[in-house]
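The structure appears right after this line, and notes come after that.
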Amino acid sequence: MDQIDKLAASMIARDQIIYLDNNATTQLDPAVIEEMLPYLTEYYGNPSSGYTFGAQVRRAIDLARERVAALLGCEPGEIVFTSCGTEANNAALNSALQLDPARQHVVTTAVEHSATRRHCETVAKRGGSVTVVGVDSDGNLDLEELERAITPQTAIVTAMWANNETGVLFPVEKIAEVARRKRVLFHTDAIQTVGKIPIRLKDSTINSLALSAHKLHGPKGVGALYVNKRSAFKPSLIGGSQENNRRAGTENVASIVALGKAAECAGAALAEENNRVRAMRDRFENGLRERIPNTFVNGDLAARLPNTTNLSFAGIESDAALVMFDRHQLCCSAGSACRTGSLEASYVLRAMNLPAERTRGSMRFSFGRFNTDADVDKALEIIPAVIAKLRAMAPATVTREPAVV
Ligand SMILES: *Cc1c(COP(=O)(O)O)cnc(C)c1O
């Protein structure tokens, strides 16, 4: 056996697991794979080449651009393909900071994904300045505080649409209005939003928006940045004239085709999936609340995505629960997925100012297209048993710090 076969032999297969971590990544839709494969095998021409073998590939990219634009309710020319969601977020911020050397101030929120949060830290280290707007205990933003944070030096306001840990939705259209009134750009990280709730960017004052294929049943390593056609944009990658001079580098054709198909599938399934996934999430959430005393839903008073629930189980450590869930092949996450292995409590829940016990025992469960009612049934057996076991192992914690309200 060669190395990769050995590795494969030791792997857990997809149908052995209960996958409740769709905000970390999603399963590829078979329809997406089917459409992308020929662009890895047959149609390998360079889309920039003048002959037909290249031009046909260019047309496949054009179709993908139209499909992504249709999902976002914008024009195809406003879509720039990128290598991932992180790149799309980085590119929007980098562009804004290049437009005017006198404007090097960024307004952001306390609960952004590391793709924005860490980038903002770097901006501050390099001589720019950053104002972080906080959230309340439900995860909601204070729009007046955000407005006050904008100064004549502000280049851009960046705020996520849906939070990856809690599913809490920010009122991005309202934020965009505030930014427009103050004459600053507004970017939104919509990576958790696209494909989950309807989006219509036509007539919106959002200047730019990031999305990522692997969060909507497409492949990893491809994303897109929407840039409003009236908004100025400076590229981060300089080289060839691909993507209408907004992102150099030979296109990742197969992945772009896949993102186009994923967008089309998401648009077609959106209304039905929204209901079906929401029903699964709600049955799961209510089922756990009935079965496990002292269970709290973080952000439940805010507007939320239909697929996400962030729960705190009083008296347990989420890291210990993760290990035990893993033994049952149940996949979910504690805190931020990008900080796995770290004992640091979720910065999102800390920003919500929840009691320490509540952040310590918090877990995120996120549903998607390929989850079934059977997954919910199994999870409703495994999770209460694991939590009861953990609480029995540490009774002192429960009695010392009883119900958290
Ligand atoms: C996953 C995610 C990202 C990063 O996207 P990649 O394509 O993995 O780089 C950024 N923001 C949010 C909210 C995400 O959920």
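The values are calculated or read from the model by the stated rules, or taken from the named source; none is laboratory data. Not measured: the values here are computed from a predicted model. Don't worry about glycine lacking a Cβ; one is built from the backbone with ideal geometry, like all the others, and counts go over all protein chains shown. For the accessible areas, the whole protein counts, side chains as well, though only heavy atoms, and no ligand, DNA or RNA atoms are used. Shrake-Rupley method; radii C 1.70, N 1.55, O 1.52, S 1.80 Å.
Considering helices alone, the calculated mean residue ellipticity of the chain at 222 nm is -13000 deg cm²/dmol, with DSSP H runs of length four and up weighted by -39500 (n - 2.57) and normalised per residue. Of all beta bridges DSSP finds with both residues in the chain, what is the antiparallel percent, to the nearest 5? Taking every DSSP beta bridge within the chain, about 55 percent pair in antiparallel fashion. Amide H to amide H distances under 5 Å link His217 with Thr26, where only residues 5 or more positions off or on other chains count and H is placed in the peptide plane.
Between amide H atoms placed 1.01 Å from N, distances below 5 Å from Val133 occur with Thr108, Thr109, Ala110, all of them 5 or more places distant or on a separate chain. Straight-line reach from Lys389: taking Cα to Cα under 29 Å and skipping same-chain neighbours fewer than 8 places apart, the lysines in range are Lys378. The separation of the stretch 207-243 from the stretch 69-97, counted between C-alpha centres, amounts to 3 Å. Helix 85-99 and the longest principal axis of the Cα set of the chain meet at an angle near 60°. Close amide H partners of Val80, meaning residues 5 or more places away or on another chain with modelled amide H under 5 Å apart, are Leu225, Tyr226, Val227. If you keep only loop residues by DSSP, which chymotrypsin sites (Phe, Trp or Tyr not before Pro) in the stretch 1-80 have at most 13 other Cβ atoms within 10 Å of their Cβ? In loop regions of the stretch 1-80 (DSSP not H, G, I, E or B), the sparsely surrounded chymotrypsin sites (Phe, Trp or Tyr not before Pro) are Tyr44, Tyr51. Around the Cα centre of the stretch 205-341, unit charges on the Cβ atoms of Lys, Arg, Asp and Glu (plus for the first two, minus for the last two) sum to a dipole of about 420 debye. Residues in the stretch 30-268 average 41 Å² of solvent-accessible surface per residue, probe 1.4 Å, ligands and nucleic acids excluded. For the chain, the dipole from Cβ point charges (+1 on Lys and Arg, -1 on Asp and Glu) about the Cα centre works out to 800 debye, to the nearest 20. Computed from backbone phi with θ = phi - 60° and the Karplus coefficients 6.51, -1.76 and 1.60, the 3J(HN,Hα) list for the stretch 274-280 is 3, 5, 5, 5, 4, 5, 5 Hz; x is used for glycine and proline.
With kT/(6 pi eta Rh) evaluated at 25 °C and eta = 0.890 mPa s, and Rh the Kirkwood radius from Cα pairs, the stretch 122-171 diffuses with a coefficient of 199 µm²/s according to Stokes-Einstein. Restricting attention to the stretch 172-304, the count of lysine pairs at 8 or more positions apart or across chains with alpha carbons under 16 Å apart stands at 7.
By DSSP, what percent of the beta bridges with both residues in the stretch 30-268 are antiparallel, rounded to the nearest 5? Taking every DSSP beta bridge with both residues in the stretch 30-268, the antiparallel ones total about 40 percent. Positive contributions from Lys and Arg (+1) and negative ones from Asp and Glu (-1), summed over other residues with Cβ under 12 Å from the Cβ of Ile206, come out at 0.
Computed from point charges on the beta carbon alone (+1 for Lys and Arg, -1 for Asp and Glu), the dipole magnitude for the stretch 30-268 about its Cα centre is near 600 Debye. Scalar couplings 3J(HN,Hα) for the stretch 20-33, obtained by applying the Karplus form with A = 6.51, B = -1.76, C = 1.60 to θ = phi - 60°, are 10, 9, 5, 7, 7, 5, 10, 6, 5, 6, x, 5, 6, 4 Hz; x denotes Gly and Pro. Of the trypsin sites (Lys or Arg not before Pro) found in the stretch 204-279, those in coil by DSSP whose Cβ has at most 10 other Cβ atoms within 10 Å are Lys229, Arg230.
For the stretch 142-175 versus the stretch 262-280, the spacing of their alpha-carbon centroids is 26 Å.
What number comes out for the charge environment of Arg180, summing +1 per Lys or Arg and -1 per Asp or Glu over other residues with Cβ under 15 Å away? Charge balance near Arg180 sits at +1.
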